[in-house]
Amino acid sequence: MSKQLVLMDHDGGVDDYLATVLLMTMEHIQPLGIVVTPADCYIQPAVSATRKILDLMGRSDIPVAQSTVRGINPFPTLYRRDSFVVDHLPILNEREMIQTPLLEETGQEFMVRSLLAADRPVTLMVTGPLTTVAAALDIAPEIERKIEQIVWMGGALNVAGNVEKSLEAGQDGSAEWNAYWDPIGANRVWQTSIPIVLCPLDITNTVPVTSEFVYKLGKQRQYPVSDFAGQCYALVIPQDYYFWDVLATAYLAHPEFYELCQWEAAIVTIGKSQGRTKVETGGRKIRAMDKVDKEQYYAYILKQWAR
Ligand SMILES: [Ca+2]
């Protein structure tokens with residue numbers, strides 16, 4: 001059986017790196033490449049860390065491309081600087097040279113080229129804003145038919161957003177960060193007929209990164225991947241941290257862990273609610289992860305990272 005083709009587009013946050021690590025452990029998947037969108041990161045260390053992670057995973061054959069899109073509402077500096085920390089972790093810096101190639105073309109150009117070249121439809125695994133996908137669609141609208149589905153960590157359907165009113169002036173707290181960074185880009189993708197599977201805050205709010213889980217990673221730190229993941233989570237444990245991108249990515253391997261719901265939803269692009277994924281009759285049809293078997297999910301992650 002031929003493997004499922006996946007192109008990943010992440011935005012350089014701590015859980016983006018761990019989602020990348022998880023994707024690399026999936027036997028049934030053939031990753032076409034990793035695009036880094038400059039959102040929840042500083043792009044230079046984020047690209048560097050991504051390439052070092054692929055080296056660590058023994059997947060230096062997978063190209064990395066840097067997207068040059070820009071958002072409307074930047075992520076807080078406090079979040080973005082984690083990309084520098086991860087790029088400097090000792091476990092990523094044992095080697096003298098990075099083997100994984102960084103492409104000269106932009107992330108959006110690479111997305112177009114790799115989709116057009118694929119011999120069958122490709123799943124886009126997007127764990128940051130949809131801006132690079134929107135830019136690729138603008139360059140070559142014909143890529144739409146080569147995209148089997150977009151699995152997107154983003155949106156907040158029937159819960160509050162995570163763009164805090166106290167951090168960001170002038171908005172009402174209904175938006176999720178990946179949508180808020182560029183509501184116009186998200187709406188561009190919304191206008192296509194590509195199947196979208198959302199991993200919204202509605203479900204991620206129920207799956208926290210707990211101390212118990214991080215301690216379990218410590219117990220198996222003889223495995224480099226567990227050691228790396230434990231270091232990453234230790235960095236963010238003082239915040240309220242959830243399995244956002246990792247939860248979304250695990251869906252590719254074990255959709256049977258999840259219950260999905262169908263919704264009609266629109267992206268609010270301007271005003272105080274910009275970036276809100278608003279459930280409303282007549283909105284774009286999407287499917288969203290609604291519930292997950294947490295026991296199975298946590299056990300799966302620990303198993304995959306025992307390497
Ligand atoms: Ca992310």
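The values are calculated or read from the model by the stated rules, or taken from the named source; none is laboratory data. Just so we're clear, the structure is a prediction, and the values are computed from it rather than from any experiment. So basically every Cβ, Gly included, is an ideal-geometry build from the backbone, and we count neighbours across all protein chains shown. Areas reflect the complete protein model, heavy atoms only, side chains present, ligands, DNA and RNA absent. Shrake-Rupley method; radii C 1.70, N 1.55, O 1.52, S 1.80 Å.
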Can you pull the percent of Cα pairs in the range 138-270 with separation above 26 Å? 35 percent
Working only with C-alpha atoms, what are the Rg and Dmax values of the range 75-158, expressed in angstrom? 16.4, 48
In sequence order, calculated HN-Hα J values of the range 280-297 (Karplus, 6.51, -1.76, 1.60; Hz; x Gly/Pro): 7, 4, x, x, 5, 6, 9, 10, 9, 5, 10, 9, 9, 6, 5, 4, 5, 5
Place a point 7 Å from Cα of GLU105 in the direction of its Cβ. Which residues in the range 26-70 have their backbone N less than 12 Å from it? 65-66
List every residue whose amide H lies under 5 Å from the amide H of VAL35, counting only residues 5 or more places away in sequence or on a different chain, with H placed 1.01 Å from N in the peptide plane. MET8, ASP9, HIS10, ALA65
P(r) tail fraction, the chain - alpha-carbon pairs more than 34 Å apart, %: 14 percent
Set the Förster radius R0 to 41 Å, insert the Cβ-Cβ distance between SER211 and ARG287 as r into 1/(1 + (r/R0)^6), and round the FRET efficiency to 0.05. 0.80
The range 50-206 pair-distance distribution - Cα-Cα, 5 Å bins, rounded %: 2, 8, 14, 18, 18, 16, 13, 8, 2, 0
Accessible surface of the chain [probe 1.4 Å, protein heavy atoms]: carbon and sulfur percent: 51 percent
Accessible surface, the range 122-175, averaged per residue in Å² (probe 1.4 Å): 34 Å²
Using +1 at the Cβ of each Lys and Arg and -1 at the Cβ of each Asp and Glu in the range 92-207, identify which of PRO121, ILE139, ALA169 lies farthest towards the dipole's positive end. PRO121
Under 26 Å from the Cα of LYS216 - lysines, other chains or at least 8 residues apart: LYS52, LYS291, LYS294, LYS303
Over the chain, with a Gaussian network built from C-alpha contacts below 10 Å, which listed residue (ILE147, ILE29, ILE53) shows the highest mean-square fluctuation? ILE29
Over the range 4-139 - Rg/Rh using Cα atoms and the Kirkwood inverse-distance radius: 0.94
Taking H as built 1.01 Å from N, whose amide H comes closer than 5 Å to the amide H of VAL292, not counting residues under 5 places away? GLU259
Using the Cα centre of the chain as the reference point, and only Cβ charges (+1 on K/R, -1 on D/E), how large is the resulting charge dipole? Debye, rounded to the nearest 20. 160 debye
In Å², nearest 10: area of ASP119 left accessible to a 1.4 Å probe: 130 Å²
So for the pair ASP61, ARG95, with labels modelled 7 Å out along Cα→Cβ, what separation do we get in nm? 1.5 nm
Inter-label distance for ALA266 and LYS3, nm, one decimal - labels placed 7 Å from Cα along Cα-to-Cβ: 4.2 nm
Lys, Arg +1 and Asp, Glu -1 on Cβ, resulting dipole of the range 199-307 about Cα centre, debye, nearest 20: 220 debye
Could you list which residues have their amide H under 5 Å from that of SER174, counting only those 5 or more apart in sequence or on another chain, with H placed in the peptide plane? GLY161
How much of ASP40 can a 1.4 Å solvent probe reach, expressed as accessible area in Å² and rounded to 10? 30 Å²
Geometric extent, Cα atoms of the range 173-233 - Rg, Dmax (angstrom): 17.2, 47
Choice from LEU137, LEU247, LEU18 with maximal GNM fluctuation in the chain (Cα, 10 Å cutoff): LEU137
